[in-house]
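Here is the structure we will look at.
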Amino acid sequence: MQIKLCDIIAKLEAEVINPAQEEIGIKGLASLSEAGPDELSFYHDGRYLNDLKSTKAAAVLVSLEFNEEVGHVPLIKVKSPSLAFNEIAKDLYVLESNSYEKGIHPTAVIAEDVQIDPVTVSVGPNVVIGAGTKIGEGTTIGAGVIIGSNVEVDENGYFYPNVVIYDRSRIGKRVIVHGGSIIGSDGFGFEYDGSAHQKIEHFGYVIIEDDVEIGANCTIDRGRFGKTLIGQGSKFDNLVQVAHNVIIGKNCIFVADTAIGGSCKIGDNVTMAAQVGVAGHIEIGSNVVLVARTGATKSLAGGEPGKPAFYSGFPAGPIERVRKEMVFPRRLPNILSRLKAVEDQLSTE
Amino acid sequence: MQIKLCDIIAKLEAEVINPAQEEIGIKGLASLSEAGPDELSFYHDGRYLNDLKSTKAAAVLVSLEFNEEVGHVPLIKVKSPSLAFNEIAKDLYVLESNSYEKGIHPTAVIAEDVQIDPVTVSVGPNVVIGAGTKIGEGTTIGAGVIIGSNVEVDENGYFYPNVVIYDRSRIGKRVIVHGGSIIGSDGFGFEYDGSAHQKIEHFGYVIIEDDVEIGANCTIDRGRFGKTLIGQGSKFDNLVQVAHNVIIGKNCIFVADTAIGGSCKIGDNVTMAAQVGVAGHIEIGSNVVLVARTGATKSLAGGEPGKPAFYSGFPAGPIERVRKEMVFPRRLPNILSRLKAVEDQLSTE
Amino acid sequence: MQIKLCDIIAKLEAEVINPAQEEIGIKGLASLSEAGPDELSFYHDGRYLNDLKSTKAAAVLVSLEFNEEVGHVPLIKVKSPSLAFNEIAKDLYVLESNSYEKGIHPTAVIAEDVQIDPVTVSVGPNVVIGAGTKIGEGTTIGAGVIIGSNVEVDENGYFYPNVVIYDRSRIGKRVIVHGGSIIGSDGFGFEYDGSAHQKIEHFGYVIIEDDVEIGANCTIDRGRFGKTLIGQGSKFDNLVQVAHNVIIGKNCIFVADTAIGGSCKIGDNVTMAAQVGVAGHIEIGSNVVLVARTGATKSLAGGEPGKPAFYSGFPAGPIERVRKEMVFPRRLPNILSRLKAVEDQLSTE
C-alpha cells in the first residue's frame, strides 16, 4: 500500500514549502527521527526541532504558523499536523476497524430472534448473542465477544475481542469498546443482615451514548434499578471502573486506573487523569479537571467552558491550595531551626 | 410480567398506611422520583423525603419506624425497605441468574471425564472444561468461560461470561464470579540469579468458600504451594487483586481497585474500601475497616464485632490520628505567621 | 506421581545432614508447618526456624550456610533452597505449562495462511488466529485466546485462556501471558477540535522481547506509530497498564496495579512495586526502585547495578527525603506546643 505524495498534498489542500518530489510513493508514517525517504512525518512540538532539522522523511506536516528555517525537506502546511497525519494514516494503513470481513462467522451462536443485518455487520468467530438483542448496521463484533439478552447496539459500533455485554445494555452509534471490557455487571451492593452480606439484586442497565470509546479491561456496572449512563462522546482509557448508577456527562475523559463510586453524577467536559478515585454519591461539576491521583471525597464545583476548575490531592481540593500543601513538609527544617533560634534567644536573655 | 399490589403486600406480611388500590398490577421497580403509577418504590434515607412527598409510585416500601406525614401514596411498612424491595425484584425481573437454559450447549468443549449433571446445570456456548473437573448441581456457566483441569465447583454457582478458572481451583456453593475475572493465575514470584529473574513455579491452588461473590475483571492468584483462600461470604467488587497464598477470612468486603500482597492474612469481617493496598506478608485483624486509599504497610490489630477498628492513610494508622495529620498542612500559614511575629518581637526588643 | 528421595538428592548433587530414609517416595511439596512424612519442604528465612524444628517433612532443603542444630529431619544442603525446591516442583507436578495436548483443537478458527507447526504447538478450543500470523514451534495457546492478523509469536510461548493479541504484535521466545491480558489495544489519544474528541488512530504495534512474563488482566497499548516495547526478561504482575509508545528496558519488575503513561522510557533493571504510577513522556533511569504507591511526575535519575536508586512518594523523590516528609505531620503537636511556650514567655515579659 502506498500513496503518491502529490495525492496527499491534494487531499489536504495544503501549501508546500521547499521543493518536493511529488511523484514519490509514500509507504508509511513515522516519527521525525525514524522516518525514511518513503515515509511521511509530522512536527507539532518545539522539543522535536532538532529531529526536524535532521529528518530523512519524504515530507513533513507542519502547522500554518510554522516559520523556522528548514530547507532540506518538503514542508506541508496544515491547520493541525496531528489530525492531518491521522487522516493520512486512515488511508495508508489497514486498521482493525476495517479488516474484519462482512458477514456472520459460521461459529457465531446467535439467538433466533436477534435483529441483525448480515450484509453490513461483521460478526467474528465464537461470538455469542442472546435473545431479543438488536445489532445496528455496520457494526463489527470481534471474536469471542459475548452479548447478552435484550441488548440494543446501534450502528457502526466496534467491539474488540472478548468484550462482554450483559443483558439489557443499550449502546449508541459508533461506540468502540476494547478487548476484555465488561459492560453491565452487577453493582457492588450488599446489605448486612447481622450474619451475612445479603446480595442486592441489580436489575438496572447501562446506557452508553453515541461516540463513546472504552479502553481495554474496563468495568462498567449496571444500575441497581434504572441506569448507569455514559454520556455522548466520553472516552475511557484502560482499566477504568464505573460503579452502579453513575451518571456521566458528555465529552469526558477518564485516564487509566480511575474508579468512580456508585451513584455519582459527573458533569460534561470533565477530565480525570490517571489513578483518580471518586467516592460514591457525590457530584463533580462540568468543566472540572482532576489531576492524576486525585481522590474526591466530596462534591466539587464545576468550572467554565474553556476555563476548567482544577482539583488535586486526597482529599481533593483546589489545585493551588493542594500544591502548596504538598510541598509543606519540605519547610519543616526551616521552621524547626527558626523555632530553635527563638527558643535559644529567649533562654539566654 | 406484573404482580398485583395485594400479592406483594401479602408476601411481605406488611401493614399498609394510606388507601391502596390493591388490585393494581405492579410492572416494575423504580426510584421515588422516576416511578410511575404502576411501579413500586422504596424510601430508606431522609435525604429523599422530598422525593417521597412528590412520588407518583403505586406504593412505597418504608421502615417500621417511619412516621412522617405522607398521605398521597400507599406506604408498605417493612423491617428493611431495601431488602424487601430486593425480594420483589427477584419475583418481578428475569435476572441473568435464571435466564440461561438448563443443559449443555452443543458448542461447549467438555473433557470426557468431567462430572457434571446435564439436567440441572446450564453450560453456555463455547465453554471449555478440562479433564478431571467436577461441576456441582444447579451451576450456571456463562458463554466463553474456561475452566481448567481438576477443578471442583460446588452446587448452584454462577459464572458470568469469559471467566477463567485455572487448574486445581476449588470453588464452594453459591459462588458468583462476574465477567472476565481470572481465578488461579500464577503468583508473581521470581528469584534473580544474577543475570535473569528465574520463575518460581506456582503449583498451589485457590480455594473459594461458599457464598463468595467476585466482581468483574478481578485477579486471584494461586499459592506457590498450598492455597490462596477466600473465606465464606466474602464479597469482591471489580478489578480487585489478590496475590498468591493470601488467606482471607469470612464476610469481608473489598471495594474496587484494591490489591492485597502475597501471603497476607486477613481476618473476618474486614472491609477495605476502594483503591486500598496491603503490603505482602502482613496480618490484618478481624473487624477492621481500611477506608478508601489506605495503604497498609505493617500488620494492623483487629477491632471488636460491631465495633471495628478504622485505619486510614499511607502508611496506614488509626483513623483519628491520620485525619489530624492529613489536615496538618493547612495549619502552615498560621504557624509561619506566628513564628514571624515572635521573631519580629524578639528582634525589636 | 512420586519421586524417591534419593533421586532428588542425586539430582541436586547435594550433601545431606541427618539420617535419611532415601528410598522413601516424595509425593508433594509443602511448607514446613504443613508438610507430611512423604513431602519435601524448604527453609530459607530465619522467621520459620520454629517451623523447621517441628516439621514432619520427609526432608528439608536448606542453604549451604545453614548451621542451626536441627537433628530430627534430613537436611539437604543446596545453594538456593528456593530455586532447588522450584526445580523439584517442575518434576513432581503437572503444571499447565505441560498439560495441554499437542496439536490444534478442531474448534480453533485459524486463517488459511497462518504459519504454524501442528506437531509441536498446542492450540486449545475456540482459539482464533488471524491472517498473516506466524506461530513459533512449541508454543501453547490456551482456550479462547484471540490472536489478530499479522502477528508474530516466536517459539515456546505460553498464552493462558482468553488472552487477546491485537494485529501486528511481535512476541519473542518463551513469553508467558496470563489469562485475560490484552496486548496491542489502541493508545488513549484524542485531539479536541472544539466540539468533540477526535480519535487519534494507532497504527503502531507492540513488541514483547524474549522471556517476558505478563500477569492476568494486564493491558499493553500499541504505539500511535512505531512501537511500544517490553524489553527482554521483564516481568509483570496482574492488572498492570502500559500506555502507547512506552519503551521498557530489560529485566524490569512491575507489581500489581502499576500504570505507566504514554511515551515513557524505562531503563533496565527497574522495579516498580504495587500501585505505582508514572506520568507520560518522562524517563526513569536504569537500576531504579519505585516503592509501592510512588507517583513519578518527572524524570528520575538511575542508580548503579547492584546499588539501585530508591524513590518514594507523590510526587516522587529520593526515598530518604520522602520518608522524613511522610512523618512530618507527627511533629506538629511538638511544634505547636513549643511555639505556644515561646509566645507565652514573650507575652509575660
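The values are calculated or read from the model by the stated rules, or taken from the named source; none is laboratory data. Just so we're clear, the structure is a prediction, and the values are computed from it rather than from any experiment. Counting neighbours? That spans all protein chains shown, and the Cβs are built from the backbone with ideal geometry, glycine included.
Within the stretch C:309-336, the only residue that satisfies the criterion of being surrounded by fewer than 18 Cβ atoms within 10 Å (Cβ to Cβ), facing chain A (nearest Cβ under 8 Å) and farther than 27 Å from A:V291 by Cα is C:R331. Of the residues making up the stretch A:114-141, just one is over 21 Å from A:S181 (Cβ atoms) and outside any loop (DSSP other than H, G, I, E, B), namely A:Q115.
Can you tell me which residue in the stretch C:163-184 is nearest to the chain's Cα centre (by Cα), limited to those that are of a type in the set (S, T, Y) and within 10 Å of another protein chain (Cβ to nearest Cβ)? Lay out the reasoning, then the answer.
So in the stretch C:163-184, the residues of a type in the set (S, T, Y) come out as C:166, C:169, C:181.
Within this subset, residues satisfying the condition of being within 10 Å of another protein chain (Cβ to nearest Cβ) are C:166, C:181.
On the way: C:Y166: 22, C:S181: 13 Å.
Among those residues, the one meeting the criterion is C:S181.
Taking the options B:K90, B:K77, name whichever one is within 13 Å of another protein chain (Cβ to nearest Cβ) and among the basic types (K, R).
Details: B:K77 fails: within 13 Å of another protein chain (Cβ to nearest Cβ).
Just a single option satisfies the conditions, and that option is B:K90.
One residue alone among C:S63, C:S54, C:S82 is within 17 Å of B:G223 (Cα to Cα) and polar (S, T, N, Q), and that residue is C:S82. Scanning the stretch A:185-211 for residues that are touching a strand residue (DSSP E or B) at 6+ places or on another chain (Cβ under 8 Å), at the interface with chain B (Cβ under 7 Å from one of its Cβ atoms) and of a type in the set (D, E) returns A:D186, A:E191. In the stretch A:258-270, the residues that are more than 10 Å from every other protein chain (Cβ to nearest Cβ) form Cβ pairs under 9 Å with partners that are part of a strand (DSSP E or B) and small (G, A, S), at six or more places apart or across chains, as follows: A:C264/A:A296.
Return the total of residues in the stretch B:1-30 being within 18 Å of A:K227 (Cβ to Cβ) and in contact with a strand residue (DSSP E or B) (Cβ under 6 Å, 6 or more places away or on another chain).
Total meeting the criteria: 3.
C:E87: modelled with pLDDT under 95, of a type outside the set (V, I, T), on the phi < 0 side of the Ramachandran plot and assigned to a loop (DSSP other than H, G, I, E, B), yes or no? Here the answer is no, as C:E87 does not meet what is asked.
Filtering the stretch C:1-36 to residues that are polar (S, T, N, Q), more than 29 Å from the chain's Cα centre (by Cα) and within 14 Å of chain B (Cβ to nearest Cβ) leaves nothing. If I filter the stretch B:202-215 for residues that are hydroxyl-bearing (S, T, Y) and in a loop (DSSP other than H, G, I, E, B), do I get at least one hit? Checked the stretch B:202-215: no residue is hydroxyl-bearing (S, T, Y) and in a loop (DSSP other than H, G, I, E, B). Picking from residues in the stretch B:300-349 that are assigned to a helix (DSSP H, G or I) and small (G, A, S), the one that is farthest from C:E325 (Cα to Cα) is B:S347.
The set of residues in the stretch A:270-299 that are surrounded by fewer than 24 Cβ atoms within 10 Å (Cβ to Cβ), polar (S, T, N, Q) and not in a strand (DSSP E or B) comprises A:S286, A:N287, A:T297, A:S299.
Looking at this structure, is B:I214 under 10 Å from the mean Cα position of the chain (by Cα), among the β-branched types (V, I, T) and away from chain C (no Cβ under 12 Å)? Break it down into steps so the answer makes sense when it comes.
Details: under 10 Å from the mean Cα position of the chain (by Cα): yes; among the β-branched types (V, I, T): yes; away from chain C (no Cβ under 12 Å): yes.
For B:I214, the condition - under 10 Å from the mean Cα position of the chain (by Cα), among the β-branched types (V, I, T) and away from chain C (no Cβ under 12 Å) - is met.
Kindly indicate the residue of the stretch B:149-188 that is of a type outside the set (A, V, I, L, M) and not in a loop (DSSP other than H, G, I, E, B) and also surrounded by the most Cβ atoms within 10 Å (Cβ to Cβ) among those meeting that condition.
To start, the set of residues in the stretch B:149-188 that are of a type outside the set (A, V, I, L, M) comprises B:149-150, B:152, B:154-162, B:166-170, B:172-174, B:178-181, B:184-188.
Cutting the leftovers down to not in a loop (DSSP other than H, G, I, E, B) gives us B:152, B:158-159, B:170, B:184-185.
Working: B:E152: 17, B:Y158: 22, B:F159: 29, B:R170: 18, B:G184: 31, B:S185: 26.
Going through the qualifying residues, I end up with B:G184.
Each residue in the stretch C:296-313 was checked for being farther than 20 Å from C:I253 by Cβ and not β-branched (V, I, T), and 1 of them qualify. Taking the condition of being within 24 Å of C:A273 (Cβ to Cβ) and not hydrophobic (A, V, I, L, M, F, W, C), how many residues in the stretch B:286-310 meet it? Of the residues in that region, 6 qualify. Determine if the stretch A:110-125 includes at least one residue that is facing another protein chain (nearest Cβ under 9 Å), of a type in the set (A, V, I, L, M, F, W, C) and either farther than 30 Å from C:D193 by Cα or touching a Lys or Arg at 6+ places or on another chain (Cβ under 9 Å) (or both). Within the stretch A:110-125, none of the residues are facing another protein chain (nearest Cβ under 9 Å), of a type in the set (A, V, I, L, M, F, W, C) and either farther than 30 Å from C:D193 by Cα or touching a Lys or Arg at 6+ places or on another chain (Cβ under 9 Å) (or both).
Checked against (1) at pLDDT 95 or above; (2) farther than 21 Å from B:A196 by Cα; (3) in contact with a His (Cβ under 9 Å, 6 or more places away or on another chain), C:I214 meets all criteria but (2).
Kindly indicate whether C:S31 is hydroxyl-bearing (S, T, Y), assigned by TED's automatic domain parsing to the domain that holds C:E15, under 22 Å from B:G223 (Cβ atoms) and in a loop (DSSP other than H, G, I, E, B). Show your work before the answer.
Working: hydroxyl-bearing (S, T, Y): yes; assigned by TED's automatic domain parsing to the domain that holds C:E15: yes; under 22 Å from B:G223 (Cβ atoms): yes; in a loop (DSSP other than H, G, I, E, B): yes.
So C:S31 passes the test.
Residues in the stretch C:219-233 that are touching a His at 6+ places or on another chain (Cβ under 9 Å) and within 18 Å of C:S263 (Cα to Cα): C:T219, C:D221, C:R222, C:G223, C:R224, C:F225, C:T228.
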